[in-house]
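Remarks on the structure that follows.
The values are calculated or read from the model by the stated rules, or taken from the named source; none is laboratory data. Keep in mind it's a predicted model, so treat the numbers as computed, not measured. All Cβ positions, even for glycine, are placed from backbone atoms using ideal geometry, and neighbour counts span all protein chains on display. In case anyone asks, the SASA skips ligands and DNA or RNA and just uses the protein heavy atoms, side chains included. Shrake-Rupley method; radii C 1.70, N 1.55, O 1.52, S 1.80 Å.
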Amino acid sequence: MPKKSQPKPDFVSQLAFDEVLQQVEFDLRIKEFVVMEIDKANYIIQPNMPYRSDYFCIFMVQKGGVTFRLDDKSYSVTKGDIIFCPMLETFWLDEITEDYNAKYIFFSLSFISDAGFNYKSNNVLKSLSSDPANIIRNEPDVYRKVNFHLDELKVLNDKEKENYYFKEMIWHHFSLVVYEIDNYFKKTERPHPVTHREDELTTSFFKLVQDHFKEEHNVQFYADKLFISRKYLTKVINKTVFKSPRDIIHQVLAVEARLLLKNPNLNVSEVASKLSFSDQASFSKFFKKHAGRSPLEYKKDDLY
């Protein structure tokens with residue numbers, strides 16, 4: 001079958017994140033991401049027209065399927081498939097089935113930054129964005145995990161649902177969505193598959209970090225809790241998520257620091273104390289390394 005002629009770039013329809021937010025039927029706590037279900041009736045993309053979005057998207061096909069094109073290559077996805085779509089890729093919809101239904105998470109570039117991922121330097125997002133469409137097929141365990149995290153994210157972002165730690169839990173579930181997807185592709189590339197034991201240790205390490213990162217910044221603490229050596233923990237985490245345990249701990253601290261600094265009732269010294277830094281100077285040095293600006297500059301920028 002000959003390829004359909006594609007319109008010139010001047011005719012590409014721009015999909016803005018604000019337009020996605022207008023479809024949400026409840027008040028969002030954080031207006032930089034949204035989880036929703038979409039079927040053919042509320043699918044806004046028209047066939048054979050080029051589109052480009054200013055946001056990222058992950059979607060899971062629950063029923064039916066769609067066929068779309070990117071860079072003259074056709075992709076068909078059906079029930080059970082997970083698709084990661086980077087921003088600013090031009091795509092065309094070819095077909096959508098009558099019974100199509102999928103769960104989507106749309107998220108902005110700033111949300112990625114707030115969640116602790118630097119898009120320009122983070123290996124996870126760079127590897128996922130190296131292909132215009134990353135598709136996971138026939139992986140029910142990955143599908144189940146991602147589905148669970150998206151459901152949690154949807155509830156956590158609903159203002160009507162009370163949850164004191166919603167910010168921390170949102171970054172936690174979002175990070176796991178990204179890591180689950182990238183980990184799948186890494187496993188298909190790596191010569192030495194991750195063992196069940198290594199997978200369990202990685203999960204346990206992430207849980208320990210979530211529970212203790214404010215008080216414990218030292219990798220040795222987490223190795224002791226897991227009854228393994230620091231060297232072995234580093235080897236396992238590097239193998240499973242391509243980051244060191246220290247990098248993970250620091251990423252979590254940097255995210256929490258951003259959240260606390262947005263609180264107008266806390267000064268920099270108090271934030272440093274809450275995160276168990278020895279003094280304000282060491283905290284400021286840490287924060288500037290990870291955020292690219294000082295805590296005071298960050299607080300000032302957030303006020304305007």
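Would you please classify the overall shape of the chain from the alpha carbon gyration tensor, given that a ≥ b ≥ c denote the square roots of the eigenvalues, rounded means a/c under 1.5, and beyond that prolate means a/b larger than b/c while oblate covers the rest?
Taking the square roots of the gyration eigenvalues as a ≥ b ≥ c, the chain is prolate.
Helix hunt in the chain: which complete DSSP H runs extend at least 20 Å axially by C-alpha with mean Kyte-Doolittle at least 1.0?
Working: long enough: 140-156 (24 Å, -0.33); 166-189 (34 Å, -0.38); 196-212 (24 Å, -1.01); 245-261 (24 Å, 0.70).
Counting only whole DSSP H runs, no helix qualifies.
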Under a Cβ-Cβ cut-off of 12 Å, what is the net charge of the residues other than LYS225 that fall near it, where Lys and Arg count +1 and Asp and Glu count -1? -1
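With +1 on each Lys and Arg Cβ and -1 on each Asp and Glu Cβ, how big is the dipole of the chain about its Cα centre, in debye rounded to the nearest 20? Working shown, then result.
Values: 43 positive and 44 negative charges, 231 e Å.
Using Cβ point charges on Lys, Arg, Asp and Glu, the chain gives about 1120 debye.
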Listed residues ILE30, ILE228, ILE38; largest mean-square fluctuation, Gaussian network over the chain with Cα springs below 10 Å, found at ILE228
Please state the shape class of the stretch 141-292: rounded when a/c is under 1.5, otherwise prolate if a/b exceeds b/c and oblate if not, all from the C-alpha gyration tensor. oblate
A student applying the Cα gyration tensor rule (rounded when a/c is under 1.5; otherwise prolate if a/b is larger than b/c, oblate if not) would label the stretch 233-274 prolate
LEU28 and ASP141 label points (each 7 Å along its Cα→Cβ direction) are spaced in nm at 3.3 nm
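Keeping all protein chains in place, calculate the accessible area per residue for the chain (probe 1.4 angstrom), answer in Å². Let's see the in-between values first.
Details: 16310 Å² over 304 residues.
Value for the chain: 54 Å² per residue.
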Gaussian network model of the chain, springs between alpha carbon atoms under 10 Å - residue of PHE33, PHE185, PHE84 with greatest fluctuation: PHE185
List the GluC sites (Glu not before Pro) within the stretch 159-226 that fall in a DSSP loop (any state other than H, G, I, E or B) and whose Cβ has at most 13 other Cβ atoms within 10 Å. GLU160, GLU162, GLU215
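Stretch LEU266-LEU21 to full length: gain in nm at 0.36 nm per residue minus the Cα-Cα span? Could you put the intermediate results ahead of the total?
Working: separation 245, 0.36 × 245 = 88.20 nm, distance 3.05 nm.
Going from the current span to full extension adds 85.2 nm.
Just to confirm the filter: which chymotrypsin sites (Phe, Trp or Tyr not before Pro) across the stretch 196-257 are DSSP coil and have at most 10 other Cβ within 10 angstrom of their Cβ?
On the way: sites: PHE205, PHE206, PHE213, PHE221, TYR222, PHE227, TYR232, PHE242; in loops: PHE213, PHE227, PHE242.
Passing both the DSSP loop test and the Cβ count: PHE227.
For TYR232 and ASP199, FRET efficiency with R0 = 22 Å and r from the beta-carbon atoms, rounded to 0.05?
On the way: r = 15 Å, r/R0 = 0.66.
Computed FRET efficiency for ASP199 and TYR232: 0.90.
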Loop sites in the stretch 30-113: GluC sites (Glu not before Pro), DSSP, at most 14 other Cβ within 10 Å: GLU98
